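These notes are about the structure you will find just below.
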Amino acid sequence: MSRFEDWIAEVTPKSHQSVFVGLNAPFDWAFVNHYFLDLRGRNPFGFSALDIKALYMGKTGCDWLDARSSTMRRVLNAKLEGDHNALHDALAQAELLRLILAQRKR
């Protein structure tokens with residue numbers, strides 16, 4: 001968690017707040033928050049989180065059941081797929097976020 005916190009500090013500009021982003025962020029944030037508080041005494045994300053599913057729902061107007069990662073991958077033509085390996089899942093989620101944000105700008 002110390003290395004994770006160091007990395008967050010390294011990639012977050014000094015004038016910005018780091019934001020936890022995830023696919024079903026409330027679930028993952030709870031674990032990250034627990035371990036940061038337990039092992040570091042603080043959470044560098046604070047209560048800042050962005051849920052990719054909720055962002056997708058807002059962009060498309062779909063309901064919760066249609067905001068599954070498999071549906072998002074198909075609709076957004078994503079190439080990566082998570083497999084419960086933390087790095088692979090993070091990369092797949094980052095791709096979905098990038099594709100959603102790119103569509104938002106159109």
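The values are calculated or read from the model by the stated rules, or taken from the named source; none is laboratory data. Keep in mind the model is a prediction, meaning the values are calculated, not measured. Glycine also receives a Cβ, built like all others from the backbone with ideal geometry; neighbour counts cover every protein chain displayed.
One table, with the values for the structure above:
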{"item": "Count of the stretch 1-33 residues which are free of Cβ contacts under 8 Å to residues at least 40 places away in the same chain and part of a strand (DSSP E or B)", "result": "1"}
{"item": "Condition broken by residue 83, with the remaining ones in (1) part of a loop (DSSP other than H, G, I, E, B); (2) over 16 Å from the mean Cα position of the chain (by Cα) satisfied", "result": "(2)"}
{"item": "Pair list, Cβ under 7 Å, 6 or more apart: the stretch 66-83 residue in contact (Cβ under 8 Å) with a residue 40 or more places away in the chain, other residue part of a loop (DSSP other than H, G, I, E, B)", "result": "69/23; 69/82"}
{"item": "Test result for residue 39, modelled with pLDDT of 95 or more and surrounded by fewer than 16 Cβ atoms within 10 Å (Cβ to Cβ)", "result": "yes"}
{"item": "Considering residues of the stretch 95-105 that are aliphatic (A, V, I, L, M) and surrounded by fewer than 15 Cβ atoms within 10 Å (Cβ to Cβ) only, the residue farthest from residue 21 (Cα to Cα)", "result": "102"}
{"item": "Residue satisfying all of: in the stretch 42-53; hydrophobic (A, V, I, L, M, F, W, C) and surrounded by fewer than 16 Cβ atoms within 10 Å (Cβ to Cβ); modelled with the highest pLDDT among these", "result": "50"}
{"item": "Residue, nearest to the chain's Cα centre (by Cα), within the stretch 34-48, restricted to residues that are without any contact (Cβ under 8 Å) to a residue 24 or more places away in the chain and outside any loop (DSSP other than H, G, I, E, B)", "result": "34"}
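This table checks each residue for (1) touching a Leu at 6+ places or on another chain (Cβ under 7 Å); (2) of a type outside the set (S, T, N, Q); (3) within 21 Å of residue 98 (Cβ to Cβ).
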{"site": "25", "(1), (2), (3)": "yes, yes, yes"}
{"site": "38", "(1), (2), (3)": "no, yes, no"}
{"site": "41", "(1), (2), (3)": "no, yes, no"}
{"site": "44", "(1), (2), (3)": "no, yes, no"}
{"site": "50", "(1), (2), (3)": "no, yes, yes"}
{"site": "57", "(1), (2), (3)": "no, yes, yes"}
{"site": "64", "(1), (2), (3)": "no, yes, no"}
{"site": "78", "(1), (2), (3)": "yes, yes, yes"}
{"site": "82", "(1), (2), (3)": "no, yes, yes"}
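This table checks each residue for (1) in contact with a Ser or Thr (Cβ under 6 Å, 6 or more places away or on another chain); (2) small (Gly, Ala, Ser); (3) modelled with pLDDT of 95 or more; (4) surrounded by 13 or more Cβ atoms within 10 Å (Cβ to Cβ).
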| site | (1), (2), (3), (4) |
| --- | --- |
| 7 | no, no, yes, no |
| 28 | no, no, no, yes |
| 77 | no, no, yes, no |
| 80 | no, no, yes, yes |
| 91 | no, no, yes, yes |
